[in-house]
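All remarks here apply to the structure that follows.
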Amino acid sequence: MNQKTAIITGGNRGIGFSITEKFIDAGYAVIVGARTDNAVEARFNGDVIRYVAIDVRDEQGHRHLIDKAMAWTGRVDVYINNAGFSEWRPIELIDESFFNDLIGTNLKGVFWGCKAAIDAMNNNGVIINISSIAGKRGSANNTLYCASKFGVNGLTQALAKEVGPKGIRVNAVCPVLIPTEGLINALKSPYGPSKDNPEFFMTKFAEDNAALKRLPTGLEVASVCLFLSSEAASAITGQCINVDCGVFPQ
Ligand code: NDP
């Protein structure tokens, strides 16, 4: 088997699952890395997907994903660092354990993923980091999440310069609010912006802030990932691209 291969962390649900669907539809073999399988393999027909239990905070987990790809298809074309979480908390409630968990997942997890991917890709390949609009601007009770995503954008820009000479492209995608399980749970926090009513908050947010008067879908984020992985994007690297229906024009 020598099929184009994409590794997607957190590809078992939410935005990551939309990316998994999009890449499988486009003919990729997909390897999903996450802590729980969510029966993700059973949701597709044919020999198109493998699930590997990993924790992105552990460098070795990313090596397992690469090993799986090498044993299955013999190649890694695309590595998508999507796994992450958000949780609004005021600064006085941030302790060492929360700091390590959030930064460990959202920033360190992306860093180890990039390192493993670069090692496997040698002379070409595409890395995509799922960042956020929160990586472009600050918001209240969101210091650590914003710091993690600003960090993701920073490492994306730096690595693009470092590995560009090898033909490896590194980009980030920055979505705004997308109603996944993770976001809805996070919005229920008393410290978040939604005041106990995530659906109302998102509708109002879209009306007040989005040029298109709506929010993007996971599949729209996935489409940008597929484009960035394609030959059509061969001149694009080091970019942090907003997928936000015009919330934050740049
Ligand atoms: P979900 O909570 O719906 O999904 C999160 C995914 O990450 C799951 O697959 C989860 O799998 C995986 N994951 C979390 N922690 C770990 C870990 N330590 N090791 C391995 N896998 C892990 O979140 P979303 O789909 O909403 O978010 C996906 C990405 O998009 C995140 O990086 C998020 O910050 C970003 N984003 C989301 C936005 C939104 O509005 N939804 C907006 C902007 C950015 P499991 O639990 O099985 O390990």
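Check the stretch 233-243 and report whether any residue there is open to solvent by less than 10 Å² (accessible area, probe 1.4 Å), closer than 24 Å to V76 by Cβ and either among the polar types (S, T, N, Q) or outside the structural domain of G125 (by TED's automatic domain parsing) (or both).
no
Only one of I178, I168 is modelled with pLDDT of 95 or more and farther than 19 Å from V243 by Cβ. Can you tell me which? Explain how you work it out, then say what you get.
Details: I178 fails: farther than 19 Å from V243 by Cβ.
The match here is I168.
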Residues that are touching a helix residue (DSSP H, G or I) at 6+ places or on another chain (Cβ under 8 Å), in a loop (DSSP other than H, G, I, E, B) and open to solvent by less than 40 Å² (accessible area, probe 1.4 Å), drawn from the stretch 207-226: L215
Residue ID - farthest from D77 (Cα to Cα), chosen from residues in the stretch 162-192 that are in contact (Cβ under 8 Å) with a residue 24 or more places away in the chain and surrounded by fewer than 16 Cβ atoms within 10 Å (Cβ to Cβ): Y191
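Looking for whichever is out of contact with any strand residue (DSSP E or B) (no Cβ under 6 Å at 6 or more places or on another chain), open to solvent by 10 Å² or more (accessible area, probe 1.4 Å) and away from the ligand (no atom under 12 Å from the Cβ) here; the options are E87, E96. Which one fits?
Unique residue meeting the criteria: E96.
What is the residue count in the stretch 158-169 for residues that are part of a helix (DSSP H, G or I) and out of contact with any strand residue (DSSP E or B) (no Cβ under 6 Å at 6 or more places or on another chain)? Before you say what the answer is, go through the steps one by one.
First, the residues of the stretch 158-169 that are part of a helix (DSSP H, G or I): 158-166.
Pick out the ones that are also out of contact with any strand residue (DSSP E or B) (no Cβ under 6 Å at 6 or more places or on another chain) and you get 158, 161-166.
Selection size over the stretch 158-169: 7.
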Pair list, Cβ < 9 Å and 6+ apart or interchain, from the stretch 238-249 residues that are without any contact (Cβ under 8 Å) to a residue 60 or more places away in the chain to residues that are of a type outside the set (D, E, K, R): G246/N209; G246/A210; G246/A211; G246/L212; P249/A211; P249/N242
Output the number of residues of the stretch 1-60 satisfying the condition of being part of a helix (DSSP H, G or I), within 13 Å of the ligand (Cβ to nearest atom) and open to solvent by 70 Å² or more (accessible area, probe 1.4 Å). 1
Can you find a residue that is in the same structural domain as E21 (by TED's automatic domain parsing), under 16 Å from T5 (Cβ atoms), in contact with an Asp or Glu (Cβ under 8 Å, 6 or more places away or on another chain) and part of a helix (DSSP H, G or I) anywhere in the stretch 66-74? yes
If the Cβ limit is 7 Å and pairs must be 6+ apart or interchain, which residue in the stretch 53-64 that is modelled with pLDDT under 95 pairs with which residue that is near the ligand (Cβ under 10 Å from one of its atoms) and not in a strand (DSSP E or B)? none
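Of all the residues that make up the stretch 158-184, how many are within 15 Å of the ligand (Cβ to nearest atom) and touching a Leu at 6+ places or on another chain (Cβ under 7 Å)?
The number of residues fulfilling the criteria is 5.
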Hey, among G135, G151, which residue is open to solvent by 10 Å² or more (accessible area, probe 1.4 Å) and on the phi < 0 side of the Ramachandran plot? G151
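Identify all residues within the stretch 120-157 that are in a helix (DSSP H, G or I), within 16 Å of the ligand (Cβ to nearest atom) and out of contact with any Phe, Trp or Tyr (no Cβ under 8 Å at 6 or more places or on another chain); write none if there are none.
Filtering the stretch 120-157 down to residues in a helix (DSSP H, G or I) leaves 120-121, 133-135, 143-157.
After this cut, where a residue has to be within 16 Å of the ligand (Cβ to nearest atom) as well, the list is 133-135, 143-156.
Selection gives T143, C146, A147, S148, K149, F150, G151, V152, N153, G154, T156.
The values are calculated or read from the model by the stated rules, or taken from the named source; none is laboratory data. No experiment lies behind these values; they were computed from the predicted model shown. When we count neighbours, we look across all protein chains shown, and the Cβ atoms used for this are built from the backbone with ideal geometry, even at glycine. The area values use the complete protein model at the heavy-atom level, side chains included, leaving out ligands, DNA and RNA. Shrake-Rupley method; radii C 1.70, N 1.55, O 1.52, S 1.80 Å.
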